[in-house]
Amino acid sequence: MNFSSSLDTDDFLDGFPGGGFPGMHNLDPVPAPLNSNEISDMIGMDPQAMQVGVKIFYHEKQVLETVVGNHFGCRMYSGVDVTRAPGYNDSFAPVYGPAEVEQIRFPEEGSPTTIMDKLNRGLLLQWQQNSIQVTRFCQAHVFASGGCLGSNLVQLVRGQPTKVFDFNFFLSGLAEYKLAKAPVPLYEVFFSFGQQPATATTVDPGVLITVSVTHMNAKASISKMGSASDVIMSIEDECDVLAKHLQHVVRIQQPGN
């Protein structure tokens, strides 16, 4: 293949990376990695539009799936919903939580009877600024993992709020994931009731009750960002830009183009 005089090797090497090479001064600069605020703006996570997916498993069998759009949160419980009783007010919130959250009852069919009566006060999930915190009211011990907890199993202290999904932590992980410097950040949290699970980021079939909570907005943002795990590559450098421009110039000089 014959190159034109404008593509003489000595010419474009002189003054590299762009001095004598035709058109190099017109190339767009290599974009810098997105920061957390830019990622947040791009994925458009609106706190008022936050949704959480809830799945309940008895052993490995899924018995309930729902999406919560309530702005305040939700409570998972068994038995009677006391928050709907006449006269229920904020003074009872330390017992059953606020009345305005969505109430999700553990299904009775196929339920493990040995633990159900210990779940009446339930598990409260609340969110603010796209972060999720959980408060255990029930007598049964609850172990949390996933989300910002990662593979760590955290035993929830009764009556003490615990953050399980941190929005800023997720954004930081999302930025690292985009640059192929870290695995995909976790958008799912697992709660094991009454028993410590053998696995931290999947449903353990040996546990009586497991609840999976998915931050739907965070999950959707992974798709919007693209899958860095499918094709791992480096950030485009000056040589990549030069190579791309060379290919373009050579292509338009080939016969038939």
Going through the range 61-78 one residue at a time, which ones are modelled with pLDDT of 95 or more and surrounded by fewer than 17 Cβ atoms within 10 Å (Cβ to Cβ)? K61, Q62, V63, L64, E65, T66, V67
Six or more apart or on different chains, Cβ atoms under 6 Å: show the pairs whose first residue is in the range 50-78 and on the phi > 0 side of the Ramachandran plot and whose second is in a strand (DSSP E or B). G73/L125; G73/Q126; G73/W127
Residue tally, condition within 20 Å of the chain's Cα centre (by Cα), of a type outside the set (A, V, I, L, M) and closer than 13 Å to L156 by Cβ, over the range 187-199: 3
Name every residue in the range 187-217 that is in a strand (DSSP E or B) and either surrounded by fewer than 22 Cβ atoms within 10 Å (Cβ to Cβ) or among the small types (G, A, S) (or both), in order of residue number. E188, S192, S212, T214
Of the residues that sit in the range 79-115 and are among the hydroxyl-bearing types (S, T, Y) and exposed (fewer than 15 other Cβ atoms within 10 Å of the Cβ), which one is nearest to W127 (Cα to Cα)? S91
Can you tell me which residue among M45, M50 is surrounded by 17 or more Cβ atoms within 10 Å (Cβ to Cβ), modelled with pLDDT under 90, in contact with a strand residue (DSSP E or B) (Cβ under 8 Å, 6 or more places away or on another chain) and not aromatic (F, W, Y)? M50
Of the conditions (1) under 18 Å from the mean Cα position of the chain (by Cα); (2) among the β-branched types (V, I, T); (3) buried (at least 18 other Cβ atoms within 10 Å of the Cβ), V184 satisfies every one except a single condition; which number is it? (3)
Taking only the range 148-166 into account, find how many residues are within 25 Å of N217 (Cα to Cα), of a type outside the set (D, E, K, R) and touching a helix residue (DSSP H, G or I) at 6+ places or on another chain (Cβ under 8 Å). 3
Which of the residues belonging to the range 116-128 are surrounded by fewer than 20 Cβ atoms within 10 Å (Cβ to Cβ) and in contact (Cβ under 8 Å) with a residue 40 or more places away in the chain? K118, N120, Q126, Q128
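Residues checked against (1) under 19 Å from F193 (Cβ atoms); (2) part of a strand (DSSP E or B); (3) modelled with pLDDT of 95 or more:
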position	(1), (2), (3)
F92	no, no, no
Q103	yes, yes, yes
G110	yes, no, no
L125	yes, yes, yes
Q133	yes, yes, yes
Options D81, D117: the member that is more than 28 Å from A200 (Cβ to Cβ) and of a type outside the set (S, T, Y): D81
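The values are calculated or read from the model by the stated rules, or taken from the named source; none is laboratory data. These numbers come from a predicted model, not from an experiment. Backbone-built Cβ (ideal geometry, glycine too); neighbour counts: all protein chains shown.
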